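Student: Please read through the structure below; I'll follow up with questions.
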Amino acid sequence: MAGIELKSNVPAGELKQKWSDFKGTMNLVAPNNKRRIEVIVVGTGLAGASAAATLGELGYQVKAFTFHDSPRRAHSIAAQGGINAAKNYQNDGDSTYRLFYDTIKGGDYRSREANVYRLAEVSADIIDQCVAQGVPFAREYGGLLANRSFGGVQVSRTFYARGQTGQQLLIGAYQALSRQISTGQVSMYNRHEMLDLVKIDGKARGIITRNLLTGKLEKHAAHCVVLATGGYGNVFYLSTNAMGSNVSAAWRSVKRGALMANPCFTQIHPTCIPVSGDYQSKLTLMSESLRNDGRVWVPISQEDAAAIREGRKKGNDIAEDDRDYYLERRYPAFGNLVPRDVASRAAKVACDGGNGVAPTGLAVFLDFASAIERYGKAAAHSKNMTNPSAAEITAMGKEVVEGKYGNLFEMYEKITGENPYENPMKIYPAVHYTMGGLWVDYNLQTNVPGLFALGEANFSDHGANRLGASALMQGLADGYFVIPYTIGQFLSHEIRTPNISTDAPEFAEVEKNVQDRLDQLIAIKGNQSVESFHRRLGKIMWEYCGMSRNADGLKKGRQMIRELREEFYKDVFIPGEVAEFNPELEKATKVADFLELGEVMMCDALDRNESCGGHFREEYKSEEGEAQRNDKDYTYVSAWEWNETEPILHKEELEFKNVELKTRSYK
Amino acid sequence: MKLTLKIWRQKGADKKGQLESYNVEASEHMSFLEMMDVLNEELISKKEEPVAFEHDCREGICGTCNLVINGRPHGPQQGTTTCQLHMRHFKDGDTITVEPWRAKAFPVIKDLVVDRSSFDRIIQAGGYVSVNTGQAPDGNAIPIEKDTALSAFDAAACIGCGACVAACPNGSAMLFTSAKVAHLGKLPQGQVEHAARSKSMVDQMDTEGFGNCSNTGACEVECPKEISINNIAMLNRSYLSSIFGSNK
């Protein structure tokens, strides 16, 4: 595919006018034609469910697919902290432009201006829509919507529903989807996994799925295909993603010609429960909202840190003067609310320096004692208590903290067996989100005509680092308010195309490819489990392509992945048959794809000779250890074409006309 | 810790199943599902068929995991899903029985995996507010009392796991259905369709083969999100008013 031209298709005109001008002039599909046009939506998380529901409402015939037993299970459900929107309900200086600017800056100037501005623009509509669906957002005593702050911003624009915002938003989208299923506008295929993409005359026209209950392959055709299949954080094995989250739908599309953009941009979330043992299957996030009130610290002296690691001391035993509140010290302007990439690297620096506080040495404290005292005093004041005792203040303070973060504290206690109201939490960074994803243009269309990608599955809005509470915003923006318009740019040219038949030879050919691939995997009958390969891959990724990277490590890591892949195809053991319910086979196809993606991530990280956002190259840092971007040479989107011997890099140059590229400072 | 597991093995929906014994060595820091992973890794290393069980987020929110542990849905710890249950709640030498959800409306697919699609169809029968994308007024146009929003939230916290059905001697889905009716019915946005929603969701519940509620309260005890049976009272009221025509 030499000479792929990556056209962003950003409309002409002023940034602030682009989206409204686009909507006013774009091609429409008339209702009578919508009725006979079919759309496949893969994935039913926030992006997929909202897209399928809205396209159904508009009159398209939608087929929606999920590998889960129900569309309500998608991993969007686990998002805790909140969703951003430029409502400026707090009267604190927020605006569409400010949300746009914060997102561009937070992403370290590696995202497309026009897409991000549109995201900020539709953000307010999302809140309205969700409220109308019955999403029980947090409210103030006056009955109006409450907000809180998230990392990397200086306004309060985050809407939330306790620590379960993702769950409530997903249930809203799921209910909207359920309504369309009941009217017959959407046909829902649960427990179906997409295993390949079918193209006819260069256009995406269908997918091959495996019915996970029977193991049977099925052909599904439509006028176009929308992927909303989430991110690929599980390439690291240990991540905050759900066990089933995977890259396969996107990766199979890459193998049919789509491009994977910025794959090395991975978000390592600073506040997760630390790793405790080798048996561990996943890591658990503690919401970033906790950094509104929690203070991050390690002991100043290595002796104290060692004593805590060995269980001779507890966090509370360390005197105030012997603590290093390193985020407040290093970044006074943003303090504990610096963006995720900055907070994660700072935790790594603290632990690498020997000041970590878990037995593994890999944890820092997140302490709520000050917040409990502050809230307790405020509560005493509002109750007109003139001389409250310390115990009364603490009790009232704990009550306020429980109201804000109760379910998170409870989850922490269940997992660790420690009470975070009494002792500071221990946290450490973990893989959480992938900014990279399928390359898409302004219309969210990939370079394959008729193939669209939404939500975390695309690369478009977060650059090299995503700000907190922006994933939910992007997923729902794409699904409710962007794709319903932009899909018309493609479909308006398809109104004369009759329904696509699965009898086309292209379907039979791709189906055979899939069947052969599954037969090949199951026939290996080696000696090692799929899980063991996945675990080894994760270790390589974390070691060489994790929180900090360097050229030698990336070259070595790439080689190790190639060897591991070879070993996988010689020695993996998958029990059972293809044509039956077989969870091990499902895992195997996912791990096989991760084994290729991982290599491209290494190539991408090696190509990018700069540090930006979540991508930190040890060779490119300031004397103070801060990331050093190279705008002259690397202000581009890397879009990778798969090739077994040498993946091929294509570039989309990024233009910044409305913001000035600056060194990102949170000091 | 050394454990003996008695696990329900069943090849398929139309096959007969039985409990089989396995020995496994676990650490008290593991979650229950990580202990099951260890067992499966061992079975695979012996080229035996691993135990099929469902799970996904492993942080207690997706509602996928569903094991009956020693006779109790999600095991012994109050307000906890299977994936959030840790082995420190068991003792060295324990024998633990692991079974699937058992209810007519949740047929077994394989081993510990059951079909819960009946829950989706109950939601499809009216568990939503009929509002198309783009039709919404400003989010602050309707103030909602803080306590009302919180109480709607308490009902909306349901994760759709089905523990309530598994716990109920009648296999009733009243707690699940009422949680949705209460979530939407308590909010002004959901009021318009409240009575009709109650009727159509209950009708669908009956069609799916769920049993009736006889107020045993087991559902509330076993619900990992501690959803209250007060919601059932609210549903009964709105169901009756849907029949007798009063919406109050």
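Student: Cross-link candidates for residue B:15: which aspartates and glutamates have Cα within less than 20 Å, leaving aside residues fewer than 8 places away along the same chain?
Tutor: In chain and number order, the partners are A:577, A:580, B:48, B:49, B:54, B:99, B:111, B:115.
Student: Oh, and also: Under 5 Å between amide hydrogens, which residues at least 5 positions from residue A:110 or on another chain qualify, with H placed 1.01 Å from N in the peptide plane?
Tutor: Residues meeting the criterion, in which the H sits 1.01 Å from N, are A:464.
Student: Just to confirm my numbers, what's the Cα centroid distance between segment A:146-180 and segment A:627-656 in Å?
Tutor: Value for the Cα centre distance between the two parts: 33 Å.
Student: Can you tell me how the protein assembly as shown classifies by the Cα gyration tensor, rounded, prolate or oblate, using a/c under 1.5 as the rounded cut?
Tutor: rounded
Student: Next question. Could you check the simple spin-label distance between residue B:9 and residue A:302, using points 7 Å along Cα→Cβ, in nm with one decimal?
Tutor: 5.3
Student: I would also like to ask the following. Label segment A:505-653 by shape, choosing from rounded, prolate and oblate, from the square roots a ≥ b ≥ c of the eigenvalues of the Cα gyration tensor; if a/c is under 1.5 it is rounded, and otherwise prolate applies when a/b is larger than b/c, oblate when it is not.
Tutor: It is prolate, given that a/c is not under 1.5 and a/b is the larger ratio.
Student: Right, next: Taking Cα pairs under 8 Å and at least six residues apart, what relative contact order does chain A come out at, in percent?
Tutor: Relative contact order here is 20 percent.
Student: Below 9 angstrom from the Cβ of residue A:218, what's the summed charge of the other residues (Lys, Arg +1; Asp, Glu -1)?
Tutor: +2
Student: Turning to a different aspect of this structure: Name the trypsin sites (Lys or Arg not before Pro) in segment A:301-398 that are in a loop by DSSP and that have at most 13 other C-beta atoms within 10 Å, would you?
Tutor: Of the trypsin sites (Lys or Arg not before Pro), the ones in loops of segment A:301-398 whose Cβ has at most 13 other Cβ atoms within 10 Å are A:312, A:383.
Student: Using 1/(1 + (r/R0)^6) with R0 = 45 angstrom and r between the beta carbons of residue A:648 and residue A:97, what's the FRET efficiency to the nearest 0.05? The partial results should precede the final answer.
Tutor: On the way: r = 37 Å, r/R0 = 0.83.
The computed FRET efficiency comes out at 0.75.
Student: Which one, A:78, A:15, A:51, is farthest towards the positive end of the dipole of segment A:1-86 when Lys and Arg carry +1 and Asp and Glu -1 on their Cβ?
Tutor: A:51
Student: Jot down the per residue volume, in cubic angstrom and as a whole number, of the convex hull over the alpha-carbon atoms of chain B.
Tutor: 146
Student: Something else about it: Using amide H atoms built in the peptide plane, which far-off residues or other-chain residues are under 5 Å from residue A:650 H to H?
Tutor: Result for residue A:650 returns A:639, A:640, A:641.
Student: Where a Cα-Cα gap under 16 Å defines reach, which lysines qualify for residue A:63, not counting those fewer than 8 residues away within the same chain?
Tutor: A:34, A:219
Student: Once amide H atoms are placed 1.01 Å from N in the peptide plane, what residues at a sequence separation of 5 or more from residue A:267, or on another chain, have their amide H within under 5 Å of its amide H?
Tutor: Excluding prolines and chain starts, which carry no amide H, the hits are A:432, A:433, A:434, A:435.
Student: Dipole of chain A, Cα-centred, from +1 at each Lys and Arg C-beta and -1 at each Asp and Glu C-beta, to the nearest 20 debye?
Tutor: 1040
Student: Moving to a separate point now. Considering only DSSP beta bridges with both partners in chain B, what is the antiparallel share in %, to the nearest 5?
Tutor: Of those bridges, close to 75 percent are antiparallel.
Student: Continuing with this model, one more query. Which parts of segment B:1-33 would a label at residue B:70 reach, counting a residue when its backbone N lies under 14 Å from a point 7 Å out along Cα-to-Cβ?
Tutor: Answer for segment B:1-33: B:3-6, B:32.
Student: Give, as ranges by residue number, the residues of segment A:479-515 whose backbone N falls under 13 Å from the point 7 Å along Cα→Cβ of residue A:201.
Tutor: Taking a point 7 Å out along Cα→Cβ of residue A:201, the residues of segment A:479-515 whose backbone N falls under 13 Å are A:493-501.
Student: Just to confirm my numbers, what's the Cα centroid distance between segment B:1-78 and segment A:275-322 in Å?
Tutor: 32
Student: Quote the charge dipole size of segment A:505-653 about the Cα centre in Debye, to the nearest 20; the model charges only the Cβ of Lys and Arg (+1) and of Asp and Glu (-1).
Tutor: 500
Student: In nm, give the distance between the simple-model label positions of residue B:193 and residue A:141, each being 7 Å from the Cα along the Cα-to-Cβ direction.
Tutor: 3.5
Student: Which residue, A:274, A:258, A:197, has the largest displacement toward the positive end of the dipole of segment A:161-303 when charges sit on each Cβ (Lys, Arg +1; Asp, Glu -1)?
Tutor: Among A:274, A:258, A:197, the one farthest towards the positive end of the dipole of segment A:161-303 is A:197.
Student: Count, for each residue of B:44-52, the Cβ atoms from other chains sitting within 10 Å of its Cβ, then give me the mean as a whole number.
Tutor: Whole-number average of other-chain Cβ neighbours for B:44-52 is 4.
Student: OK, next. Tell me the mean residue ellipticity at 222 nm calculated for the protein assembly as shown from its helices only (DSSP H runs of n ≥ 4, each -39500 (n - 2.57), averaged over every residue, nearest 500).
Tutor: Taken over the protein assembly as shown, the calculation gives -11500 deg cm²/dmol.
Student: Looking at segment A:352-444, which GluC sites (Glu not before Pro) are in a loop (DSSP not H, G, I, E or B) and have at most 16 other Cβ atoms within 10 Å? Each step should come with its number before you reach the end.
Tutor: On the way: sites: A:373, A:392, A:399, A:402, A:410, A:413, A:418, A:422; in loops: A:418, A:422.
Listed in order of number, the matching sites are A:418, A:422.
Student: Moving on. Just how many % of Cα pairs in segment A:269-431 lie over 28 Å apart, if you round to the nearest whole percent?
Tutor: 20
Student: Next question, about the same structure. Past 24 Å, Cα to Cα: identify those pairs from A:105/A:404; A:7/A:621; A:7/A:555; A:199/A:556; A:525/A:587; A:570/B:2, in the order given.
Tutor: With Cα atoms farther than 24 Å apart: A:105/A:404; A:7/A:621; A:7/A:555; A:199/A:556; A:570/B:2.
Student: Rounding to the nearest 10 and keeping the result within 0 to 90°, find how far the Cα-based axis of helix A:46-58 lies from the longest principal axis of chain A.
Tutor: So the inclination is approximately 50 degrees.
Student: Moving to a separate point now. Nearest 5 is fine: what % of DSSP beta bridges in chain A come out antiparallel, could you say? Can you show the working numbers first?
Tutor: Numbers: 44 of 63 bridges.
Of the beta bridges lying entirely in chain A, close to 70 percent run antiparallel.
Student: Tell me, what is the FRET efficiency for residue A:381 and residue B:78 to the nearest 0.05, using R0 = 30 angstrom and their Cβ-Cβ distance as r?
Tutor: The computed FRET efficiency comes out at 0.25.
Student: Taking chain B as a Gaussian network, where each spring joins two C-alpha atoms under 10 Å apart, which residue of B:119, B:90, B:106 fluctuates the most?
Tutor: Result: B:90 has the largest fluctuation of those listed.
Student: What aspartates and glutamates could a cross-link reach from residue A:512, if we take a straight Cα to Cα line under 13 Å and drop same-chain neighbours fewer than 8 places away?
Tutor: A:196, A:218
Student: On to the next question. So, R0 is 30 Å and r is the distance between the beta-carbons of residue A:609 and residue A:360; what FRET efficiency does that work out to, to 0.05? Provide the component values of the computation, followed by the final result.
Tutor: Values: r = 32 Å, r/R0 = 1.07.
FRET efficiency, residue A:609 to residue A:360: 0.40.
Student: Considering the dipole of the protein assembly as shown built from charges on the beta carbon (Lys and Arg +1, Asp and Glu -1) around the Cα centre, which of A:407, B:62, A:180 is farthest to its positive end?
Tutor: A:180
Student: What is the angle, in °, between the Cα long axis of helix B:230-244 and the longest principal axis of the Cα atoms in chain B? Nearest 10 is fine, range 0 to 90.
Tutor: In chain B, helix B:230-244 runs at an angle near 50 degrees to the longest axis.
Student: Which GluC sites (Glu not before Pro) in segment A:71-178 sit in a loop by DSSP (not H, G, I, E or B) and have at most 13 other Cβ atoms within 10 Å of their own Cβ? If you can, show how the numbers build up before the last one.
Tutor: Working: sites: A:113, A:121, A:140; in loops: A:140.
Sites meeting the loop and neighbour criteria: A:140.
Student: Anyone know which of B:78, B:135, B:124 comes out most mobile in the 10 Å Cα GNM of chain B?
Tutor: B:135
Student: Continuing with the same structure: Kindly rank A:253-259, A:315-321, A:477-483 from highest to lowest mean number of other beta carbons found within 10 Å of each residue.
Tutor: Final packing ranking: A:477-483, A:253-259, A:315-321.
None of the figures in this text is laboratory data; all of them are computed from the coordinates on show. Bear in mind that the values here come from a model prediction, so they are computed numbers and not experimental data. Backbone-built Cβ (ideal geometry, glycine too); neighbour counts: all protein chains shown.
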